[in-house]
Amino acid sequence: MMGGSVTARALKAAADATPADPPPADPPVRFAGYAAIFDAVDKGGDVIRRGAFADSLARRRAIPLLWQHDSASPIGTVDLIAEDKRGLRLVARIDGRGSAAARAAALVADGRLTGLSFGYRINAARGLPGGVRELSALDLVEVSLVPFPMQPAARVLAVESGPAINPNLNPIPGPTPNPELV
């Protein structure tokens, strides 16, 4: 029995020594870019049409910002997301806790990570000549920072970091997205 109590003590000591949640990414990083580009075939042979996200965005639910599509690694929040004539435009903030958020914040702030991608469920699609799949209605599940996006033009285009982040970051030309989505 004594071995059992030693094990219990060792486990308690290890648990007590484990730090609480790590602090959020410091400094926080805010960026703008495109997670999807309309009417351009990606590396997987998919082409997304304008309006594909309309129903999903109209539901106005929070969209998580993930590290490389890993649902166990949320790294921040999507502050603003909307379709414009070019694609799915967003403004997001890396402010999550943990090493993935800290790493992503440093890489984005330094301009070494610029790829964007998104997770989705298909609501409407059809095959086109040449093996292309046309996606016309999608349910947006998440947005991710990735090193190699399937759509090479899906990129971070502007970055802010530090304590004086501008809450109105919107450097991408085009219509201002619906403020109710923010």
Output the residue which, of all residues in region 126-136 that are part of a strand (DSSP E or B) and free of Cβ contacts under 8 Å to residues at least 60 places away in the same chain, is most open to solvent (accessible area, probe 1.4 Å). R126
Within region 121-136, residues more than 23 Å from the chain's Cα centre (by Cα) and among the basic types (K, R) come out as R126, R133
What is the number of the single condition among (1) in contact with a Lys or Arg (Cβ under 6 Å, 6 or more places away or on another chain); (2) on the phi > 0 side of the Ramachandran plot that D39 does not meet? (1)
Search result, residues across region 107-118 that are surrounded by 12 or more Cβ atoms within 10 Å (Cβ to Cβ) and free of Cβ contacts under 8 Å to residues at least 40 places away in the same chain: L107
Boolean, E160 is part of a strand (DSSP E or B), at pLDDT below 95 and over 20 Å from Q68 (Cβ atoms): yes
So R121, is it assigned to a loop (DSSP other than H, G, I, E, B) and open to solvent by 40 Å² or more (accessible area, probe 1.4 Å): no
Assess whether A106 counts as being over 11 Å from the mean Cα position of the chain (by Cα) and modelled with pLDDT under 95. yes
What is the number of the single condition among (1) open to solvent by 10 Å² or more (accessible area, probe 1.4 Å); (2) within 15 Å of R155 (Cα to Cα); (3) out of contact with any helix residue (DSSP H, G or I) (no Cβ under 9 Å at 6 or more places or on another chain) that A104 does not meet? (1)
Take the residues of region 21-38 that are touching a helix residue (DSSP H, G or I) at 6+ places or on another chain (Cβ under 8 Å) and open to solvent by 30 Å² or more (accessible area, probe 1.4 Å): which is modelled with the lowest pLDDT? P22
Can you give me the number of residues within region 39-63 that are in a loop (DSSP other than H, G, I, E, B) and surrounded by fewer than 21 Cβ atoms within 10 Å (Cβ to Cβ)? 14
Residues located in region 43-66, provided they are out of contact with any Pro (no Cβ under 8 Å at 6 or more places or on another chain) and of a type outside the set (G, A, S): D46, V47, I48, R49, R50, F53, D55, L57, R59, R60, R61, I63
Name the pairs whose Cβ atoms lie under 7 Å apart, with the first residue in region 91-102 and touching a residue at least 40 places away in the same chain (Cβ under 8 Å), the second surrounded by fewer than 24 Cβ atoms within 10 Å (Cβ to Cβ) and hydrophobic (A, V, I, L, M, F, W, C), and 6 or more positions between them or separate chains? V91/A32; V91/L80; V91/L169; A92/V78
Selection from region 64-99 of residues open to solvent by 20 Å² or more (accessible area, probe 1.4 Å), in a loop (DSSP other than H, G, I, E, B) and either modelled with pLDDT of 95 or more or of a type in the set (S, T, N, Q) (or both) yields Q68, H69, K85, R86
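The values are calculated or read from the model by the stated rules, or taken from the named source; none is laboratory data. Treat the numbers as computed from the prediction; the structure is a model and nothing was measured. Reconstructed Cβ throughout: ideal geometry from the backbone, glycine too, with neighbour counts over all protein chains shown. When the accessible area is computed, the model is the full protein with side chains, heavy atoms only, and any ligands, DNA or RNA have been set aside. Shrake-Rupley method; radii C 1.70, N 1.55, O 1.52, S 1.80 Å.
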